[in-house]
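Participant: Can you keep this structure in mind? I'll have questions shortly.
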Amino acid sequence: MRAFLVCLLSLHALAQAEVVVAIRYLQIEGVSHAHLWLFDDAGKPIRQLTAAKTGQDEDPQFSPAGTEIVFVRTEKEQKEWRSISVTGKGERLLDQAPAWYPLKAPAPFDYPPDAPIPNQPGRLRLEESVKPGELKYATPDGRDLLFLRDVPERADPADSYYPKAGFLRDVQTGTEKAFEEMPITTFVQTGNAKEDAFRWGGASLKERAKLRAEPAMRWESQLLDSLLLRDGSPFLIAPPLRVAFFRQHRGSTYGDGRFAIDLNTRRITELTPNGGARIHPLPNELRFVCVCGERYRPLGDGRRIVNCSYLDQWDAALHRIRFAEARPAIFHGASILREGKAPVAIPRLGDE
């Protein structure tokens, strides 16, 4: 009965949630502008809030009372603060930003610090890869251990570089599994944004490496090569949400893929396939958001490709909600408001 009541309370909280997102949908012809859109927590657009024909509307943030939204309008390198009601009415120019603006964003998961390469102090690599030997991380609940272990056959002794492979161990049973052997679900761009989908749900990276055909997918034979840390830990534990985050570097052309391991099911989900990304846990919630870059999406004219970015929300079962229509777009900041909680800000990529 208690679990049922908690579930009802959670559903009620979801019903009272709103997300304001600044989105610039990329047009085939003409100038594209970033406008503010209000969504419900299921990703359904409630209303478009702004529709200026000039400039870019960016960095929207709910007021502490949740009744208005303050944002920045940028035009010809000039910035001005503006306010609008959540109803989409009463837009006005502000003399200055309110005292509460900007809101503090939840700290993201990020790369480990850089460290000098031994014998080459002028060069840096991620700290994980310049330390020989095994690195170990334990979940706060003590149920799992995550290991990064050297892969000697991939190392270059002249580079003082120690590539690592990931393994996850169940503490109670002692069973252990390599990252590359876990089932993985990845996002596939089909060329039609409405048909893009998560696929390969039953194959592991090792199996996929044997099947790959596209040159752009050559990274499937590479290591999942670095953990993403927050306060020194790769884990986000808010039961039933139990995940660990890591990346795979895919070269300067494709950037990084970002992934989450579901510690409950021992499955991997690709959060974003390429470009940059930033993962924010939401305080005291069973979910997180990912500002994800996606490079080389078709613009829709049959000729051009564009680099895009979006705001995605992931729940405890690693189901995704995207706060945007299914078309090429650029994310310009967001704010999330839920009943009984202080609003939070989600910055654009590059604003951290």
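Quick note: the coordinates plus some simple rules give every number you see, no bench work behind them. Predicted, not measured: the structure shown is a model, and the values here were computed from it.
Participant: Treating only the Cα positions of the range 242-335 as identical point scatterers, give the base-10 log of I(q)/I(0) from the Debye formula at each q in 0.16, 0.18 Å⁻¹.
Facilitator: The Cα Debye sum returns log10 ratios of -0.69, -0.85.
Participant: Once the cut-off is 15 Å, how many percent of the Cα-Cα pairs in the range 96-163 end up in the long-distance tail?
Facilitator: Counting every Cα pair in the range 96-163, those more than 15 Å apart make up 68 percent.
Participant: Give the value in nm², to one decimal: projected area of the alpha carbon convex hull of the range 55-133, averaged over all directions. If you can, show how the numbers build up before the last one.
Facilitator: Numbers: hull surface 37.3 nm².
Value for the range 55-133: 9.3 nm².
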